[in-house]
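Read the structure below first, then the notes.
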Amino acid sequence: MREGCVLFCEKCKKKNDYLEGEKRKCKYCENIISLEKRVERLVIVLNQKGFITEKSCEGHQDGFDTERRSYPWVSFIDESMENISFIEEVIGKCLVVKWCFSIKETTLGVRYILKPEKEKGEDLQEAADNLADFLCNYSYRG
(Lines give C-alpha, C1' and ligand atoms only; values in the text may rest on other atoms or scores of the structure.)
Protein backbone atom coordinates (compact mmCIF):
# COMPACT_ATOMS: atom_id res chain seq x y z
CA MET A 1 0.00 0.00 0.00
CA ARG A 2 1.33 3.43 -0.91
CA GLU A 3 1.75 6.01 1.81
CA GLY A 4 0.35 9.49 1.40
CA CYS A 5 0.35 12.93 2.91
CA VAL A 6 -0.65 16.51 2.18
CA LEU A 7 1.98 18.64 0.47
CA PHE A 8 2.05 22.32 -0.29
CA CYS A 9 2.48 23.31 -3.89
CA GLU A 10 5.76 25.20 -4.10
CA LYS A 11 4.27 27.65 -6.61
CA CYS A 12 0.89 28.62 -5.10
CA LYS A 13 1.44 27.34 -1.50
CA LYS A 14 -1.90 25.49 -1.41
CA LYS A 15 -2.45 22.01 0.04
CA ASN A 16 -2.66 18.97 -2.24
CA ASP A 17 -3.06 15.29 -1.44
CA TYR A 18 -0.02 13.27 -2.48
CA LEU A 19 0.44 9.51 -2.77
CA GLU A 20 3.88 7.90 -2.79
CA GLY A 21 5.27 7.45 -6.29
CA GLU A 22 2.77 9.82 -7.83
CA LYS A 23 3.45 12.76 -10.13
CA ARG A 24 0.51 15.08 -10.36
CA LYS A 25 -0.50 18.61 -11.10
CA CYS A 26 -1.53 20.98 -8.36
CA LYS A 27 -5.30 21.16 -8.43
CA TYR A 28 -5.09 24.96 -8.11
CA CYS A 29 -2.30 26.15 -10.39
CA GLU A 30 -1.31 23.11 -12.53
CA ASN A 31 2.25 23.11 -11.14
CA ILE A 32 3.76 19.59 -11.16
CA ILE A 33 4.06 18.18 -7.63
CA SER A 34 6.52 15.34 -7.39
CA LEU A 35 9.22 14.16 -5.04
CA GLU A 36 12.55 12.65 -5.91
CA LYS A 37 12.51 8.95 -5.23
CA ARG A 38 15.32 8.79 -2.66
CA VAL A 39 13.85 11.54 -0.43
CA GLU A 40 10.16 10.85 -1.04
CA ARG A 41 9.59 8.53 1.95
CA LEU A 42 11.30 10.92 4.39
CA VAL A 43 9.12 13.82 3.18
CA ILE A 44 5.96 11.73 3.52
CA VAL A 45 6.87 10.55 7.03
CA LEU A 46 7.78 14.07 8.18
CA ASN A 47 4.41 15.33 6.92
CA GLN A 48 2.61 12.48 8.67
CA LYS A 49 4.43 13.45 11.88
CA GLY A 50 3.11 17.01 11.64
CA PHE A 51 5.87 18.80 9.74
CA ILE A 52 4.71 20.71 6.68
CA THR A 53 7.64 20.35 4.34
CA GLU A 54 8.44 23.10 1.94
CA LYS A 55 11.20 21.87 -0.36
CA SER A 56 13.43 18.82 -0.65
CA CYS A 57 16.16 17.24 -2.73
CA GLU A 58 17.64 13.76 -2.72
CA GLY A 59 21.08 15.23 -3.33
CA HIS A 60 23.19 14.55 -6.37
CA GLN A 61 26.72 13.22 -6.51
CA ASP A 62 27.64 15.95 -8.97
CA GLY A 63 25.89 18.58 -6.85
CA PHE A 64 23.60 19.94 -9.55
CA ASP A 65 20.64 21.17 -7.52
CA THR A 66 20.25 24.95 -7.30
CA GLU A 67 22.31 25.14 -4.12
CA ARG A 68 24.94 22.68 -5.42
CA ARG A 69 24.21 20.17 -2.65
CA SER A 70 25.38 16.58 -2.97
CA TYR A 71 23.41 15.41 0.08
CA PRO A 72 19.69 14.85 0.73
CA TRP A 73 17.79 17.60 2.56
CA VAL A 74 14.26 18.60 3.49
CA SER A 75 13.14 22.07 4.56
CA PHE A 76 10.11 23.02 6.59
CA ILE A 77 8.82 26.09 8.39
CA ASP A 78 7.61 25.30 11.89
CA GLU A 79 6.99 27.35 14.98
CA SER A 80 5.90 24.40 17.13
CA MET A 81 8.54 23.84 19.79
CA GLU A 82 7.05 20.39 20.40
CA ASN A 83 7.76 19.43 16.77
CA ILE A 84 11.26 20.88 16.94
CA SER A 85 11.97 19.09 20.24
CA PHE A 86 10.74 15.84 18.72
CA ILE A 87 12.95 16.07 15.65
CA GLU A 88 15.96 17.19 17.70
CA GLU A 89 15.51 14.17 19.98
CA VAL A 90 15.19 11.82 17.01
CA ILE A 91 18.22 13.09 15.12
CA GLY A 92 20.23 13.11 18.34
CA LYS A 93 19.74 9.36 18.69
CA CYS A 94 19.61 8.12 15.18
CA LEU A 95 21.50 5.96 12.90
CA VAL A 96 24.78 5.55 11.21
CA VAL A 97 24.48 8.94 9.55
CA LYS A 98 23.97 11.83 11.96
CA TRP A 99 21.55 14.58 10.96
CA CYS A 100 21.42 18.27 11.88
CA PHE A 101 19.54 21.50 11.13
CA SER A 102 20.54 24.66 9.49
CA ILE A 103 18.19 27.49 10.45
CA LYS A 104 17.23 30.58 8.46
CA GLU A 105 14.87 33.42 9.37
CA THR A 106 12.32 34.13 6.61
CA THR A 107 9.28 36.36 6.27
CA LEU A 108 7.15 33.20 6.74
CA GLY A 109 8.89 32.16 9.95
CA VAL A 110 11.91 30.05 10.83
CA ARG A 111 12.99 27.70 8.04
CA TYR A 112 14.65 24.51 9.22
CA ILE A 113 16.73 22.53 6.76
CA LEU A 114 17.23 18.95 7.87
CA LYS A 115 20.43 17.50 6.40
CA PRO A 116 23.23 15.05 7.19
CA GLU A 117 26.01 16.46 9.42
CA LYS A 118 28.63 15.26 6.94
CA GLU A 119 27.77 16.54 3.53
CA LYS A 120 29.88 14.08 1.55
CA GLY A 121 29.68 10.33 1.39
CA GLU A 122 28.40 7.49 -0.74
CA ASP A 123 25.54 6.37 1.51
CA LEU A 124 23.83 9.73 2.08
CA GLN A 125 20.88 9.09 -0.24
CA GLU A 126 20.17 5.80 1.55
CA ALA A 127 20.38 7.70 4.85
CA ALA A 128 17.15 9.57 4.06
CA ASP A 129 15.23 6.26 3.92
CA ASN A 130 16.92 5.11 7.13
CA LEU A 131 15.86 8.32 8.89
CA ALA A 132 12.29 7.84 7.63
CA ASP A 133 12.27 4.29 9.09
CA PHE A 134 13.66 5.59 12.37
CA LEU A 135 11.01 8.35 12.55
CA CYS A 136 8.22 5.84 11.90
CA ASN A 137 9.29 3.68 14.81
CA TYR A 138 10.34 6.38 17.28
CA SER A 139 8.18 7.23 20.30
CA TYR A 140 8.68 10.79 21.50
CA ARG A 141 8.96 11.20 25.27
CA GLY A 142 8.66 14.99 25.42
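A few notes on this one:
- Where strands (runs of 3 or more DSSP E) fall wholly inside region 1-89, the ranges with 1 or more residues that are touching a Cys at 6+ places or on another chain (Cβ under 7 Å), at pLDDT 75 or above and over 19 Å from Ala128 (Cβ atoms) are 15-19.
- Of all residues making up region 90-101, the number that are modelled with pLDDT under 80 and in contact with an Asp or Glu (Cβ under 6 Å, 6 or more places away or on another chain): 0
- Note on region 41-59: residues that are under 23 Å from Glu119 (Cβ atoms) and either surrounded by 19 or more Cβ atoms within 10 Å (Cβ to Cβ) or more than 8 Å from the chain's Cα centre (by Cα) (or both) total 12.
- The residues of region 86-103 that are exposed (fewer than 11 other Cβ atoms within 10 Å of the Cβ) and in contact with a strand residue (DSSP E or B) (Cβ under 8 Å, 6 or more places away or on another chain) amount to a single one, Ile103.
- Restricting attention to region 11-40, the residues being exposed (fewer than 13 other Cβ atoms within 10 Å of the Cβ), within 19 Å of Asp78 (Cβ to Cβ) and not basic (Lys, Arg) number 0.
- If you go through region 93-118 and keep only what is of a type outside the set (D, E, K, R) and within 15 Å of Ala128 (Cα to Cα), you end up with Cys94, Leu95, Val96, Val97, Trp99, Cys100, Phe101, Ile113, Leu114, Pro116.
The values are calculated or read from the model by the stated rules, or taken from the named source; none is laboratory data. None of these values were measured; they are calculated from a predicted model. Heads up, the Cβs are rebuilt from the backbone with ideal geometry, glycines too, and the neighbour counts pull from every protein chain shown.
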